[in-house]
Structure formats: structure tokens, C-alpha cells
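Heads up, the thing below is written out as C-alpha cells.
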């Protein structure tokens, strides 16, 4: 078995290991708005639900290579608001386009030709084409590391939920089969969530 002391690894090396070990990863397609009202959207695959009381989730935007915060994080710091849009197989190509690094004055919505939808509780636009969107307010921002690639945790409270009827089952819950979400693997790899199996939890 190969053994590595993490202290001997550069941050970039450890990052490459994590991208291949923690798989598949759901994708938070996070839309934000700057204080100057420029809309922004970017994908983040260090993302998970946190709990239901309060309804909460987190995602982790790392710093840029020059150590500065990404636009998503800078916008959340300014406004305290964001929306997590679910990425489906049909939206994967356009989601990938929004991972491009644009200037803060440019909108990835325009680059990817995404239609915006007005939110209910926050001032941030939603991706109209996404079948599920979660409006969030910032609860806590945790800086885990500094400088280039420095880790950050954005903890948000979900304040409003949008679900398209086309992805709901007869109980009014999202059906994963209908949702057809995609996940992130290592490097350029993605996966689809249609290949699944069930295991009954032991009594």
C-alpha cells in the first residue's frame, strides 16, 4: 500500500489526490450578485448539505492562484446572499463554461447564455433552466487557509426552495431519476447519477 505523509506534499499535490479520492461530488452551481449589481455564477464541487434545523448547506471556494478571493466569495462577503442551482446532464456543458475566470465586471450568465429568474427572498438571480434552486443567506464564512489555493467554507442557510414539477414524484419530492443530476470526478471527469442501487438500512 502506498503511504504518504501529507506534510511532505505540496498543496497542489494533495489537491489532486483529493479530487480523485472524494468521488463523486455533487456540484453547487452558485449564483451571486456584486454590490454593483453584476450577476455571477460558478460551479463548486466541494459541496454538501449540512442539516435540516436550520436548513443549511456549505460549499468551499478556494482562493485564486494569486491568493485573492474568487468573485463568488467576494460577492457573498459583500451581500451575504447566494443561490445554489442544481446541475443536470442537460446543463453540464453550460455549467462548464461558467468555470472560466472572467473579470468581476463580466457576467458568466451572458457567457453561457443562461436565462435568469428572480428570487423570492434574496436579491440574487437564479438559473431559470435549472430544475431545482436553493436561495441562501450566509450564516458563517470560515477561512481555513490563506494565500494561493487557501481553503474557505461558506455556510449558508436555505431560505427558499424552488422545484420544477417535472422532477417531482407523487409525494412532491424530487425524484433522482427525473432530476438527472451530474457529479464531479477527478480532472475533467464527470458522472451521471442514473446508475444506482438500493441497500436497506439494518434494523
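The values are calculated or read from the model by the stated rules, or taken from the named source; none is laboratory data. Bear in mind that the values here come from a model prediction, so they are computed numbers and not experimental data. Positions of Cβ are generated from backbone atoms using ideal geometry, with glycine treated the same way; all protein chains shown enter the neighbour counts.
If the condition is being loosely packed, with under 15 Cβ neighbours inside 10 Å and touching a strand residue (DSSP E or B) at 6+ places or on another chain (Cβ under 7 Å), then the range 97-127 contributes 99, 120, 121, 123. Tell me yes or no: at least one residue of the range 23-30 is surrounded by fewer than 16 Cβ atoms within 10 Å (Cβ to Cβ) and farther than 25 Å from residue 116 by Cβ. Yes, the range 23-30 contains at least one residue that is surrounded by fewer than 16 Cβ atoms within 10 Å (Cβ to Cβ) and farther than 25 Å from residue 116 by Cβ. Taking residue 186 as meeting all but one of (1) more than 20 Å from residue 63 (Cα to Cα); (2) touching a helix residue (DSSP H, G or I) at 6+ places or on another chain (Cβ under 7 Å); (3) in a loop (DSSP other than H, G, I, E, B), write down the number of the exception. Single failed check for residue 186: (1).
Determine which member of the set 179, 155 is in contact with a strand residue (DSSP E or B) (Cβ under 6 Å, 6 or more places away or on another chain), modelled with pLDDT of 95 or more and surrounded by 14 or more Cβ atoms within 10 Å (Cβ to Cβ). Steps first, please.
Working: 179 fails: in contact with a strand residue (DSSP E or B) (Cβ under 6 Å, 6 or more places away or on another chain).
Only one candidate qualifies: 155.
Within this structure, residue 51 passes the test of being surrounded by fewer than 15 Cβ atoms within 10 Å (Cβ to Cβ) and assigned to a strand (DSSP E or B). Residues in the range 129-153 that are more than 26 Å from residue 163 (Cα to Cα) and in a loop (DSSP other than H, G, I, E, B): 144, 145, 146, 147, 148, 149, 150, 151.
When the residues of the range 64-84 are filtered to those that are assigned to a helix (DSSP H, G or I) and under 16 Å from the mean Cα position of the chain (by Cα), which remaining residue is farthest from residue 159 (Cα to Cα)? It would help to see each step written out before you state the result.
First pass over the range 64-84, keeping only residues assigned to a helix (DSSP H, G or I): 71-79.
From what's left, under 16 Å from the mean Cα position of the chain (by Cα): 71-76.
Values: 71: 22, 72: 19, 73: 19, 74: 21, 75: 18, 76: 15 Å.
Of everything passing the filter in the range 64-84, 71 is farthest from residue 159 (Cα to Cα).
Scan the range 126-140 for residues that are in contact (Cβ under 8 Å) with a residue 24 or more places away in the chain and either closer than 27 Å to residue 192 by Cβ or over 15 Å from the mean Cα position of the chain (by Cα) (or both) and jot them down. Spell out the reasoning first.
Residues of the range 126-140 that are in contact (Cβ under 8 Å) with a residue 24 or more places away in the chain, as a first pass: 126-127, 129-139.
Within the range 126-140, 126, 127, 129, 130, 131, 132, 133, 134, 135, 136, 139 qualify.
From 203, 171, which residue is surrounded by fewer than 16 Cβ atoms within 10 Å (Cβ to Cβ) and modelled with pLDDT of 95 or more? Every option except 171 fails the conditions.
Of all residues in the range 48-61, those that are at pLDDT 95 or above have Cβ atoms under 6 Å from Cβ atoms of residues that are buried (at least 16 other Cβ atoms within 10 Å of the Cβ) and part of a loop (DSSP other than H, G, I, E, B), 6 or more apart or on another chain, in 60/46; 61/70. Taking the conditions (1) within 21 Å of residue 50 (Cα to Cα); (2) touching a helix residue (DSSP H, G or I) at 6+ places or on another chain (Cβ under 7 Å) in turn, residue 158 satisfies each one other than (2).
Could you tell me which residue of the range 17-35 is farthest from residue 180 (Cα to Cα), considering only residues that are part of a loop (DSSP other than H, G, I, E, B) and without any contact (Cβ under 8 Å) to a residue 60 or more places away in the chain? Across the range 17-35, the extreme among qualifying residues is 35. Output yes when any residue across the range 159-176 is in a strand (DSSP E or B) and under 15 Å from the mean Cα position of the chain (by Cα), and no when none is. Within the range 159-176 (the criterion being in a strand (DSSP E or B) and under 15 Å from the mean Cα position of the chain (by Cα)), the answer is no, since none of the residues qualifies.
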